[in-house]
Amino acid sequence: MKEVTVLLHNIRSAHNVGSIFRTADAAGISHIYLSGYTPTPRDRFGRSQKEIAKTALGAEKDVPWEHHTAPMRLLSKLKKDGWKIVCVEQDARARDYRSLKIKKPTLFVFGNEVRGVPKNILKTCDSIVEIPMHGRKESLNVSVAAGIILFSVR
């Protein structure tokens, strides 16, 4: 099984972040990167973030994580190290997530709940995937989308 990690960029909701930590643990994700204004499991004083802990149920202590203020540097380093970067986003270039095959270590990028993944990050991605919608709503909650994607690659 190939190594899979996640980047959460500019996720507003601490509850979504906690939920993704819990899902990442359940799916065997090796690392979570947090960037932009995404809340972290520990505040700047080292105290536990209650909103994340509430939904993560301890997974925030089990899944290694780190915060990067500049996600582009992180993406460049991972690409240089041979990682595939996959953005999960609705985009004209996106393909159905079910067609994705993981052949090398892969980082999945999830963006802001309303604005999505910024264009500069989309440009660095090797692939863009989306979850087809069959109802009236255009998208899923970011934590639900992360669950679908992460378990589909496992």
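The values are calculated or read from the model by the stated rules, or taken from the named source; none is laboratory data. Keep in mind it's a predicted model, so treat the numbers as computed, not measured. Every residue, glycine as well, gets a Cβ built from its backbone with ideal geometry; the counts of neighbours run over all protein chains shown.
Side notes on the structure shown:
- Residue list for the range 85-103, restricted to those being at pLDDT 95 or above, of a type outside the set (A, V, I, L, M, F, W, C), out of contact with any helix residue (DSSP H, G or I) (no Cβ under 9 Å at 6 or more places or on another chain) and not in a helix (DSSP H, G or I): Arg95, Asp96
- Taking the listed residues Thr23, Thr5, the one that is under 15 Å from Asn141 (Cα atoms) and either at pLDDT below 95 or among the β-branched types (Val, Ile, Thr) (or both) is Thr23, with no other qualifying.
- The residues in the range 123-146 that are farther than 19 Å from Ile85 by Cβ and either surrounded by 19 or more Cβ atoms within 10 Å (Cβ to Cβ) or in contact with a Phe, Trp or Tyr (Cβ under 8 Å, 6 or more places away or on another chain) (or both) can be counted, and the count is 1.
- Counted residues, the range 70-84 - those being in contact with a strand residue (DSSP E or B) (Cβ under 7 Å, 6 or more places away or on another chain) and assigned to a helix (DSSP H, G or I): 5
- Number of positions in the range 49-65 that are more than 17 Å from Ser13 (Cβ to Cβ), not in a loop (DSSP other than H, G, I, E, B) and not basic (Lys, Arg): 1
- Criterion violated by Val63 - all others in (1) at pLDDT 95 or above; (2) surrounded by fewer than 20 Cβ atoms within 10 Å (Cβ to Cβ) satisfied: (2)
- Contacts under 7 angstrom Cβ, first residue in the range 13-35 being without any contact (Cβ under 8 Å) to a residue 24 or more places away in the chain and acidic (Asp, Glu), partner crowded, with 21+ Cβ neighbours inside 10 Å and assigned to a helix (DSSP H, G or I), 6 or more apart: none
- Scan the range 14-26 for residues that are surrounded by fewer than 18 Cβ atoms within 10 Å (Cβ to Cβ) and within 22 Å of Glu89 (Cβ to Cβ) and the total you get is 1.
- Complete set of residues in the range 26-57 that are at pLDDT 95 or above and small (Gly, Ala, Ser): Ala26, Ala27, Gly28, Ser30, Ser35, Gly36, Ala53, Ala56
- Look at (1) out of contact with any Leu (no Cβ under 8 Å at 6 or more places or on another chain); (2) assigned to a helix (DSSP H, G or I); (3) more than 20 Å from Ile29 (Cα to Cα) and you find that Ile121 fails only one, number (1).
- Selection of the range 99-135 for residues being among the charged types (D, E, K, R) and without any contact (Cβ under 8 Å) to a residue 24 or more places away in the chain yields Lys101, Lys119, Lys123.
- Criterion violated by Lys80 - all others in (1) touching a His at 6+ places or on another chain (Cβ under 7 Å); (2) more than 18 Å from Thr40 (Cβ to Cβ) satisfied: (1)
- Residues of the range 100-122 that are surrounded by 11 or more Cβ atoms within 10 Å (Cβ to Cβ) and either over 14 Å from the mean Cα position of the chain (by Cα) or among the basic types (Lys, Arg) (or both): Leu100, Ile102, Pro105.
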